[in-house]
Amino acid sequence: MKPDRNSTPSLLDVKGLTRRFGGLVAVNDVSFSVKPGEIFTVIGPNGAGKSTMFKLIGAFIRPTSGDVVFEGKSLVGLAPHQAAARGVVRTFQETTIYREMTTMETVRTAFHLQCRATSLGAFFNTRQARADEAEANRAAEEILELLQLQHVRHEQAKNLPHGYLRALGIAMALAARPKLLMLDEPFAGMNPEETDAAVQMVRRIRDQGITVMLVEHDMHAVMRISDRIAVLNFGRKIAEGTPQEIQNDQNVIDAYLGQEDEELGI
Amino acid sequence: MNDTKSKLLAYVAFAVLYLVVVPLVFSGSPYALGVFSMSAALSVIALGVWVTFTIGRINLGQAAFALIGGFVAAICITRLGLSFWIALPVAGLVSAGVGVLLGLGILRLRGVYFAMITISLSEAVRLAILNGGSLTGGATGITGIPVPGELSLFGLVLIPDFASVNTHRAFYFLSAFLLLASILLVWRLMASRLGRVFASLQQGQELSQSLGINITKYRLIAFSVSCFLGGIGGAFFAAMQQSIYPGSFVVADSISFTLYCFLGGLAYVAGPIVGAFLLTIAFQLLHEFQQYQQLVYALLMIGIMMWLPNGLLSLRLPTFGGRGSASREVTRNEA
Ligand SMILES: Nc1ncnc2c1ncn2[C@@H]1O[C@H](COP(=O)(O)OP(=O)(O)OP(=O)(O)O)[C@@H](O)[C@H]1O
Ligand SMILES: [Mg+2]
């Protein structure tokens, strides 16, 4: 299961990525690579630049300098929907959802990238459009099952309890059939049992062949789930390695982990 | 299945009423037919506003596009000598084209900002036409537009010259055709993937982007359909009134179109139509109150917001189903 780091070509290469907001350097000359099939986590204190990093990779904002290379091609300058079409999909830190849509409608909307019919074809309900709809329905059912959302398929998102919303966010991301799925704080606000279930879920997603990047504060979960971890502090990468290496890294302990011993349980 | 059957029956009954009974009963009353035709034209225009609602934009610029449609049709007919049957689609397409050009700039804006800029659009287009010199006729507009002539294909007369038949009834049928075609257009839009995409833009643009949806493209599609409907309605208006002025559609009309949508209910394709017919007919019946129209509209708007946030159709009239997945109950209903 563990990817061999030297021989596999990487899926994502972040090269000297920098992003300034006025005088603030939110992401500062960061480089790392993510291999296919990995669970790669970015950790760091609040304001370290983790979410900004995700936005840069997903082409939601442009880097001040540096490059994001996905499957050998740069994503810089693309619109977010183009990055998504290449296979880079992120979920949101805020539980951003389509409030008025039901679970089923949401997932079917997220199936957009898989639709082969053109807009005009969809309008005229061509054979291709009907095939798309049938396929969307089938795939949506499959995803609802994976995330155990079947029993709320006709519930509007605004009426769903919080735990479900996060699953819904992931359901959407899966429907877009990403190659790289970026989850921003997927375990935030969960109790230990919920986190356990969510960790299992992320593993199942990876086992489907989707490479996963996480931003997460729950160190216990991070250490369990990650293949590799990068640590950001004030926009700079201060360490990268396996969970074990990170836990023993003096830089990391000084800058970050040290203050959070209790939370970590180490 | 029974439900579908009774629904179908209701649609058929409604179609018979609208297409057969009304024109027969009122065939001797040009005035009544005129009111119904006008209601249908306003419905078409308001339906456009409704479409922009589905992408989460309050469009207060529809008067501009009705005006553009009206003047393009009038210019095509009187200046270029084209048939109304060519001028009508040209008017819709020019409106849609202008909508795309403007939309590229303004559709980035949301909420009050979009509403404000579209209000100024209503005014800007009116002023542009007012200063359009001999092309638009300035303040006096374009008058004496001939009624639609015969439409024939390979010698087969499809539509007779309006002047040679009961003109008012002919306009009634034309308005009914345009309304039904517009409903069909919007219904197909909402029933397809596009309707879902529009709803997603209303509820979370960034999220839609991350799911690979080209939000610029779909916003433009929605807006151009809206402008197309505005243009078609305006062109019909010009033909029926046989005249069009810069003051034919003004900011107050833009607001009325929005009110029709609210009154009928944003969650229903039929919403703006119910609103347009009710208010247009009511004001014809209450003729003497005409001067208070704006006041009544304002009060009505406030009343709807407070007591009926999802419009009349939310009172569950079975006949007017047509509930697109597009804009379900709007967020105003949170309270
Ligand atoms: N659009 C923006 N404009 C200006 N400053 C920004 C913007 N986005 C982020 N920042 C700043 O960049 C820094 C990094 O923010 P970011 O959201 O990436 O942190 P984070 O690591 O995700 O933090 P958290 O753990 O709290 O989510 C912060 O100081 C933030 O205030
Ligand atoms: Mg963050």
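Using the Cα gyration tensor of chain B, with a ≥ b ≥ c the square roots of its eigenvalues, what is the shape: rounded (a/c below 1.5), prolate (a/b larger than b/c) or oblate (neither)? Spell out each step's value before the answer.
Numbers: a/c = 1.45, a/b = 1.19, b/c = 1.22.
Taking the square roots of the gyration eigenvalues as a ≥ b ≥ c, chain B is rounded.
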Notebook entry, point to check: So how tilted is helix A:127-146 from the main axis of chain A? Cα-based, degrees 0 to 90, rounded to 10.
Noted result: 50
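For the stretch B:6-85, just say rounded, prolate or oblate: build the C-alpha gyration tensor, square-root its eigenvalues into a ≥ b ≥ c, call rounded for a/c under 1.5, and beyond that prolate if a/b exceeds b/c, oblate if not. Please report the intermediate quantities before stating the final value.
Details: a/c = 2.49, a/b = 1.22, b/c = 2.04.
In terms of gyration-tensor shape, oblate.
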Checklist line | Lys, Arg +1 and Asp, Glu -1 on Cβ, resulting dipole of the protein assembly as shown about Cα centre, debye, nearest 20 | finding: 1520
Next item on the list: Could you go through the stretch A:27-36 in sequence order and give the Karplus-derived ³J(HN,Hα) for each residue, using 6.51 cos²θ - 1.76 cosθ + 1.60 with θ = phi - 60°, rounded to whole Hz, and x for Gly and Pro?
Entry: 10, 10, 6, 9, 10, 6, 10, 10, 8, x
Notebook entry, point to check: What does the helix-only formula give at 222 nm for chain B: each DSSP H stretch with n ≥ 4 adding -39500 (n - 2.57), the total divided by the residues, and the result rounded to the nearest 500 deg cm²/dmol?
Noted result: -21500 deg cm²/dmol
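Using DSSP, restrict attention to beta bridges with both residues in the protein assembly as shown and report what percent are antiparallel, rounded to the nearest 5.
Values: 25 of 41 bridges.
Percent antiparallel among DSSP bridges in the protein assembly as shown is about 60.
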Item checked: Rough spin-label spacing in nm, given labels placed 7 Å along Cα→Cβ, for B:Leu151 and B:Gln291 -> 4.2
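How high is the relative contact order of the stretch A:92-177, given as a whole-number percent (alpha carbon pairs under 8 Å, six or more residues apart)? Provide the component values of the computation, followed by the final result.
Numbers: 89 pairs, mean separation 42.8, N = 86.
The value is 50 percent.
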Next item on the list: Return the single residue from A:Leu168, A:Leu147, A:Leu180 with maximal mean-square fluctuation; model: Gaussian network over chain A, springs between Cα atoms under 10 Å.
Entry: A:Leu147
Item checked: Dipole of chain A, positive direction: furthest Cα of A:Leu168, A:Asn125, A:Gln247, with charges on the beta-carbon -> A:Asn125
Margin query: Please report, ordered by residue number, every helix of chain B (full DSSP H runs) that is 30 Å or longer along its axis going by C-alpha atoms and whose mean Kyte-Doolittle hydropathy reaches -1.0.
Written below: B:30-54, B:84-106, B:167-191, B:215-241
Check: Which residues' amide hydrogens lie under 5 Å from the amide hydrogen of B:Leu60, considering only partners 5 or more residues apart or on another chain, with H built in the peptide plane?
Finding: B:Thr118, B:Ile119
Check: Taking amide H positions as placed 1.01 Å from N in the peptide plane, with prolines and chain starts having none, which residues 5 or more places from A:Glu185, or on another chain, fall under 5 Å of its amide H?
Finding: A:Val215, A:Glu216
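Dipole size in debye (nearest 20) for the stretch B:2-329 around its Cα centre, Lys and Arg Cβ +1, Asp and Glu Cβ -1? Working shown, then result.
Numbers: 16 positive and 8 negative charges, 173 e Å.
Using only the charged Cβ atoms, the result is roughly 840 debye.
If you take the square roots of the eigenvalues of the alpha-carbon gyration tensor of the stretch A:92-177 and sort them as a ≥ b ≥ c, do you get rounded (a/c under 1.5), prolate (a/b over b/c) or oblate?
On the way: a/c = 2.18, a/b = 1.96, b/c = 1.11.
Here the stretch A:92-177 falls in the prolate category.
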Notebook entry, point to check: How many Lys pairs in chain A lie less than 25 angstrom apart by Cα atoms, where the lysines are 8 or more positions apart or on different chains?
Noted result: 26
Next item on the list: Measure out, as a whole number of angstrom, how far apart the alpha-carbon centroids of the stretch A:62-137 and the stretch B:20-59 sit.
Entry: 37
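Laboratory data are not the source of any read-out in this text; all were calculated from the coordinates shown. All values derive from a computational prediction rather than experimental measurement. Don't worry about glycine lacking a Cβ; one is built from the backbone with ideal geometry, like all the others, and counts go over all protein chains shown.
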